[in-house]
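Structure first, commentary second.
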Number of protein chains: 4
Amino acid sequence: MNTFGRQFKVSIFGESHGESVGITIDGCPPGVPLLTEDLMTDILRRKSGAKGTTPRIESDLPQIISGVFNHKTTGAPITILFANNNIKSKDYSNLLKHPRPGHSDFVAMKKYKGFNDYRGGGYFSGRLTLALVAAGSIAKKIVPHITISAKLKEVGGSKNIDEAVQKALESKNSIGGIVECSATGIPIGLGEPFFGSIHAKLSQIVFSIPAMKGIEFGAGFFATKMTGEEHNDNIIDETGKTETNNAGGISGGISNGNDLLFRVAVKPTSSISTPQETYNFESGTIETLLIEGRHDTCIALRVPPVIEAVTAIVLADLSRIMIDAKL
Amino acid sequence: MNTFGRQFKVSIFGESHGESVGITIDGCPPGVPLLTEDLMTDILRRKSGAKGTTPRIESDLPQIISGVFNHKTTGAPITILFANNNIKSKDYSNLLKHPRPGHSDFVAMKKYKGFNDYRGGGYFSGRLTLALVAAGSIAKKIVPHITISAKLKEVGGSKNIDEAVQKALESKNSIGGIVECSATGIPIGLGEPFFGSIHAKLSQIVFSIPAMKGIEFGAGFFATKMTGEEHNDNIIDETGKTETNNAGGISGGISNGNDLLFRVAVKPTSSISTPQETYNFESGTIETLLIEGRHDTCIALRVPPVIEAVTAIVLADLSRIMIDAKL
Amino acid sequence: MNTFGRQFKVSIFGESHGESVGITIDGCPPGVPLLTEDLMTDILRRKSGAKGTTPRIESDLPQIISGVFNHKTTGAPITILFANNNIKSKDYSNLLKHPRPGHSDFVAMKKYKGFNDYRGGGYFSGRLTLALVAAGSIAKKIVPHITISAKLKEVGGSKNIDEAVQKALESKNSIGGIVECSATGIPIGLGEPFFGSIHAKLSQIVFSIPAMKGIEFGAGFFATKMTGEEHNDNIIDETGKTETNNAGGISGGISNGNDLLFRVAVKPTSSISTPQETYNFESGTIETLLIEGRHDTCIALRVPPVIEAVTAIVLADLSRIMIDAKL
Amino acid sequence: MNTFGRQFKVSIFGESHGESVGITIDGCPPGVPLLTEDLMTDILRRKSGAKGTTPRIESDLPQIISGVFNHKTTGAPITILFANNNIKSKDYSNLLKHPRPGHSDFVAMKKYKGFNDYRGGGYFSGRLTLALVAAGSIAKKIVPHITISAKLKEVGGSKNIDEAVQKALESKNSIGGIVECSATGIPIGLGEPFFGSIHAKLSQIVFSIPAMKGIEFGAGFFATKMTGEEHNDNIIDETGKTETNNAGGISGGISNGNDLLFRVAVKPTSSISTPQETYNFESGTIETLLIEGRHDTCIALRVPPVIEAVTAIVLADLSRIMIDAKL
């Protein structure tokens, strides 16, 4: 469904080529200073424009329409809208008969009986991550002691990002990448067993972002090649600091006071500028499809601020849920 | 929290060394034939006993105490209990001052102010997966057209599982492994965007299982090394069947009718039989800790039926949620 | 929180004197014809203008910004906004020091540490019911076999509504009233025990409407004066039709196929045009407060379409939840 | 569904004539002293035995099977079971063809396709309120500053309870009653708008109790006969204390620091010892049904501790949810 979180809860809506995308945040404490400008730092980091990103340029100006009064949050739901301005008026109905490989076109048509807004991916579009980024900026404000940082570590299997992107652009193909996120300053105790552990909630929201194919915490998949002796993080002081951090800051699903660390796998952009052989549901034959229009050569370039945002949302939610023993 | 799912919902409870572990299933349709024996197949697959698993042997007999009448489900909540019988009466209180590396001992003590049941990991114990397996057996019954199969693919980085386990046993160490799960017969359309996509819900519940450190769908992390042309799964017939299955059966977070495919990384068991240097909170110094007692050398050996169970729970839940356009 | 419902779920936001009020509906099936005009019938019924209602006139034009494509719902979240246009720019800050009797001013200030938007009641304003009415119009479309009708039965204890309102107006006072709601065409089986019974969910949402002080189903409070023999509704045919309907169409918390029937108590409007003695938190003394501005003499006049809307929301949600025995 | 609450959450299960009824409480803070004896006070108040209550006598001994260690709560889910011992082995299958008036027999059969456990009402039985009472006793412990008191005020329209019950017994009929509940010591600010207001949550859980037909807060239905001037509660000191309490301690859906006050209408017990004319689904004719067995002449006699329990559950949950402005 369109809602995530319990005590810091977000509800998302909108489509790529509809009037707006937006998000409502419920559970933000009152009194948090909030100007639209405060949201712009992360929004600009997510924006396209760099080499390898889509030429669709949107102003991405947030409009806060509720929950803020005298430049401070009120405790009531905060709704933020982003108008869709730069919408090409081309005909997308071709997608219904000849769905694009790797996209949601086919399943969305089936699931929604053909009534889905298929233009630019509709509700499945990466454009909705803009709303997540705005919510994340607010989440960051309510866990000010936590610093979250996500970085693109490699693309197309290469650590030389510029070169790999340039090569993909030239070959009219696309590439994916790996984004690593760390967070420092996390108190011990975030995460609610059994089903609300910190990595469970993080992975749920990470896989809500389009194009994600994997997530691993700490040593992750490499941990399967280690022995217990190598993998165990031994505590070295009374704060619970560990000598190594193979666990990625999580023990028993709960933050252990060490840095949170995880990596996500971003698939290559599904839209490519080379022809593809795929099924045409109208003709009933496999035909060549050439996808026109604007798209990111490497969507992974724009993912880091989105990963930071969803991490902040989870940490803000878990912080507000944490059980207090005081009676 | 202790609840997962919306229309097929499970609520879990119990501790390793308490009286019982158990689970309540709400939303099971009425009229499903259900005997305790039906639950035993998967329970026995999860059971210890093989080389590399713990010598703690439990009868693991399920007791269905509600929701079943005349050997059929009634539509009311189904509660299943498993008594804990084989509990060693040794003193576990040492864990509070000298927590075991890799375990939840330290964070649980901090989060629950020292009131947690620390014996055998308490609420954090892998013993609770027994309850998940029982719920999974019921979930499988309500999606009978789907076949789920999880297999251990490698341990300690080796494909020769027996040999690797034997070696770890001999060296009094532990190893992890990779479990692969596939599911066939899934209809198109399971998964509820934005936050309830099929991989989002699967990953949430997978990370609720102790010892999980990573998950990847389809080509997963390897997808980051592929081009879009290589990674895209081209549709080849009118059912939506694709030539390749790099997406692991998921498009836009929704099942696309091809086989669901994912892999999980299981860390090496935290308890090992060799001494470890770690912090003693009472003495305030780093000391050698030797963990006595029974434990699995390779917990990954027992994970496949648990992964199947949680997969069945997610698929049952999403099947019951799926929006029907009929008015 | 700001969300209600499970399979037909609404999330509300906005303030009386903010930019807009609005609502997001998640779980509406795809393919439902929806024009903004479709929403106007109920919106106009809720509108002020009649004698005894506030002179604040708003255009109340709904703006559907997501979830509708080609005049049909898409299955994605539907967000509807209503701009607040007719906002008097007067200074409301006096409310903080001298809260209005019967209003939320005092508790909102305390709960939200003085950061709440207090203008016109802010998030607590009856203006948010406009958004509920819009959602209710959509809900009605997805349970087309059900007819819901709410009527004002008495005001100020009198069945002569016009006369009683006129008298209250003349005395610069306010009055409440009783609204009765019935719904026909309800299938047997709506309502999910234990906590999601039909009257449980109805009462929860009814009490979310400002000014509600009581609710009773069927014979309601009068049932406490009847014997079991008098109160029991005996079934008279194979459809489950009962001779009497003291139960108000509900047995065991589940719709029984007879007409749903309930009554709600609406308190007299808190704002009155006569001076009131109440505490001034700045001066620390009890002082006379005269509330200026526009208000409804009898808010109950405008309640029936709101009651119908929330009833439709509950029935739509329960209809979509109802367990289907088909495997 | 079977779950209520968010931060102090209960999940209920069991049937009247199954093996047990029980409840799981999630979100109880760690360190709360808890013995089974602590639960007995309220359990004994709910017990039958007095004139006008059922002769079915159960031991009602709670068994705490998880979440408590060393006589204190651990922070993990607490599950409490009550065995059903005194079950008459008579044949209840007659209920399927000739459902009892006023009971859930008919709707349960329809909703659950005939698979429901119909013995003694099954999951719809008042016996499940025993589990609520146990959860309520725990809830009371975590809001120790609040005192909740529910009393039976009248039965069958009479304030002379003993006499009215005696008369109903003699006439082999049944009667209902009105229970009034007040709670003192409630802090200002409990209740979460828009849909989680204090009276919304209270009414939801009250209507989950079998036999409830109405609820009113403060002046309730009588408020509809008052003017605003009469009804408004004027604040008289800096704590927010009001001169009158027509609002029942609730402003804008939030506790205002004055006593919470509400009344509930309990219908006459559906089972009576006189013959009733009702439909026989097997013969297809209206026939005389005589209900044999044990039942309460006036179930309202046993309702006060149940009302207290659900009130405590709501107050505990809202207390733990309350937004804290501290960042």
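The values are calculated or read from the model by the stated rules, or taken from the named source; none is laboratory data. The model shown is predicted, which means the values in this text are computed figures rather than measured ones. Glycine also receives a Cβ, built like all others from the backbone with ideal geometry; neighbour counts cover every protein chain displayed. We work out accessible area using only protein heavy atoms, side chains counted, and drop any ligands, DNA or RNA first. Shrake-Rupley method; radii C 1.70, N 1.55, O 1.52, S 1.80 Å.
Side notes on the structure shown:
- Qualifying residue in the stretch C:83-102 (condition: within 17 Å of the chain's Cα centre (by Cα) and not hydroxyl-bearing (Ser, Thr, Tyr)): no
- Strands (runs of 3 or more DSSP E) (entirely within the stretch B:232-290) containing at least 1 residues that are at the interface with another protein chain (Cβ under 7 Å from one of its Cβ atoms) and within 20 Å of B:Pro304 (Cα to Cα): B:260-266
- Of everything listed in (1) more than 7 Å from every other protein chain (Cβ to nearest Cβ); (2) open to solvent by 10 Å² or more (accessible area, probe 1.4 Å); (3) of a type in the set (Gly, Ala, Ser), the single unmet condition for C:Ala183 is (2).
- For the stretch A:236-294, a residue qualifies if it is within 23 Å of the chain's Cα centre (by Cα), within 30 Å of B:Ala108 (Cβ to Cβ) and surrounded by fewer than 22 Cβ atoms within 10 Å (Cβ to Cβ), and the qualifying residues are A:Asp259, A:Leu261.
- Within the option set C:Ile215, C:Ile205, C:Ile209, being open to solvent by less than 30 Å² (accessible area, probe 1.4 Å), part of a strand (DSSP E or B) and within 15 Å of D:Ser203 (Cβ to Cβ) holds for one residue only, C:Ile215.
- Flag for A:Leu61 being buried (at least 17 other Cβ atoms within 10 Å of the Cβ), out of contact with any Phe, Trp or Tyr (no Cβ under 6 Å at 6 or more places or on another chain) and more than 30 Å from B:Gly240 (Cα to Cα): no
- Count - residues of the stretch A:218-231 that are within 7 Å of another protein chain (Cβ to nearest Cβ), assigned to a helix (DSSP H, G or I) and more than 29 Å from A:Ile175 (Cβ to Cβ): 3
- When the test is whether a residue is without any contact (Cβ under 8 Å) to a residue 24 or more places away in the chain and at the interface with chain A (Cβ under 9 Å from one of its Cβ atoms), B:Phe124 does not pass it.
- Subset of the stretch C:18-37 that is over 24 Å from D:Ala200 (Cβ atoms) and out of contact with any Phe, Trp or Tyr (no Cβ under 7 Å at 6 or more places or on another chain) - its residue that is most open to solvent (accessible area, probe 1.4 Å): C:Glu37
- Test: residue in the stretch A:190-199 that is in a helix (DSSP H, G or I), free of Cβ contacts under 8 Å to residues at least 12 places away in the same chain and of a type outside the set (Gly, Ala, Ser): no
- Total residues in the stretch C:83-110 satisfying the condition of being farther than 23 Å from C:Ser273 by Cβ, in contact with a Ser or Thr (Cβ under 7 Å, 6 or more places away or on another chain) and within 11 Å of another protein chain (Cβ to nearest Cβ): the figure is 3.
- Just one of (1) over 23 Å from the mean Cα position of the chain (by Cα); (2) surrounded by fewer than 24 Cβ atoms within 10 Å (Cβ to Cβ) fails for A:Gly220. It is (1).
- Residue match in the stretch D:38-48 (condition: surrounded by 22 or more Cβ atoms within 10 Å (Cβ to Cβ) and more than 17 Å from the chain's Cα centre (by Cα)): no
- All of B:Ser93, B:Ser66, B:Ser137, B:Ser125 fail the test of being surrounded by fewer than 24 Cβ atoms within 10 Å (Cβ to Cβ) and either farther than 30 Å from A:Ile188 by Cβ or aromatic (Phe, Trp, Tyr) (or both), apart from B:Ser137.
- Among the residues listed as C:Gly18, C:Gly67, the single one being within 19 Å of C:Asp317 (Cα to Cα) and small (Gly, Ala, Ser): C:Gly67
- Single residue of D:Ile236, D:Ile250, D:Ile291, D:Ile313 found to be modelled with pLDDT of 95 or more, touching a strand residue (DSSP E or B) at 6+ places or on another chain (Cβ under 8 Å) and within 30 Å of D:Asn86 (Cα to Cα): D:Ile313
- Some residue of the stretch B:317-327 being among the basic types (Lys, Arg), under 25 Å from B:Gln204 (Cβ atoms), outside any strand (DSSP E or B) and modelled with pLDDT under 95: yes
- Test: residue in the stretch C:135-155 that is of a type outside the set (A, V, I, L, M, F, W, C), over 20 Å from C:Thr3 (Cα atoms) and at the interface with chain D (Cβ under 10 Å from one of its Cβ atoms): yes
- Complete set of residues in the stretch A:8-32 that are touching an Asp or Glu at 6+ places or on another chain (Cβ under 9 Å), under 22 Å from A:Thr311 (Cβ atoms), in a loop (DSSP other than H, G, I, E, B) and at the interface with chain C (Cβ under 9 Å from one of its Cβ atoms): A:Gly27, A:Pro29
- The residues of the stretch B:33-49 that are outside any loop (DSSP other than H, G, I, E, B) and away from chain D (no Cβ under 14 Å), listed by number, are B:Glu37, B:Asp38, B:Leu39, B:Met40, B:Thr41, B:Asp42, B:Ile43, B:Leu44, B:Arg45, B:Arg46.
- Some residue of the stretch A:302-315 being farther than 29 Å from B:Gly156 by Cβ, in contact (Cβ under 8 Å) with a residue 60 or more places away in the chain and not in a helix (DSSP H, G or I): yes
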